[in-house]
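The values are calculated or read from the model by the stated rules, or taken from the named source; none is laboratory data. Here the structure is a predicted model, which is why all the values come from computation and not from measurement.
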Amino acid sequence: MADSHSTHSAGGHEHRDVTFRPIVLSAIGLVVLTVLVFVGMRLLFNVYAAREAELSPRRNPLAISYGREFPPEPRLQTAPIQDLQKLHAWENDTLSTYGWADEKTGAVRIPIARAMELLLQRGVPTRSEPSAAAGASK
C-alpha cells in the first residue's frame, strides 16, 4: 500500500495529460465524412434532377403566351398580415359609423357606443305576455 502512495506526488493533480491526437483525428474524420456526404448528396440530387427533366413531358410553348393564370378560389393568402389589418379597419369602420345595413329594407346601422346609450335610456325591449283569456280560447 505504501508503495502505491509513493508513486503519487504531493502536488494533488495528475501528471498525465489527455492525449489530443485521437480527439483531433476524430474531429478531422468527422469533418471529412460530412464533406463527403454533402458532395455525395449534391451529386445524387443532380442525377435525379437530370433524370426528372428527361422523363417529364415538355412544356407547351403556347402556355407562355397565355400568361399566368390564377388557380381557382379559395387561394392561399399572399399577405395575411395586411389582409387582417384591412379586415380590422373595415370592422372598426362598420362598428363606429352610421350607414345602411340593407338599403332595400330600410335597415340602418349605428355606432355601437350610440346603440349602448340608447339601450340604457330605453331599456331592453321585451315581448308582451299573452293574456290568460287569449290562451284559454285556443
Quiz item: Looking at (1) modelled with pLDDT under 80; (2) not in a helix (DSSP H, G or I), which is the one condition that is false for ALA101?
Solution: (1)
Quiz item: Filtering segment 28-85 down to residues that are charged (D, E, K, R) and in a helix (DSSP H, G or I), which residue is modelled with the lowest pLDDT?
Solution: GLU54
Quiz item: Taking the condition assigned by TED's automatic domain parsing to the domain that holds ILE110, modelled with pLDDT of 95 or more and either outside any helix (DSSP H, G or I) or hydrophobic (A, V, I, L, M, F, W, C) (or both), does ALA89 pass?
Solution: yes
Quiz item: Of all residues in segment 17-48, which are within 33 Å of the chain's Cα centre (by Cα) and aromatic (Phe, Trp, Tyr)?
Solution: PHE38, PHE45, TYR48
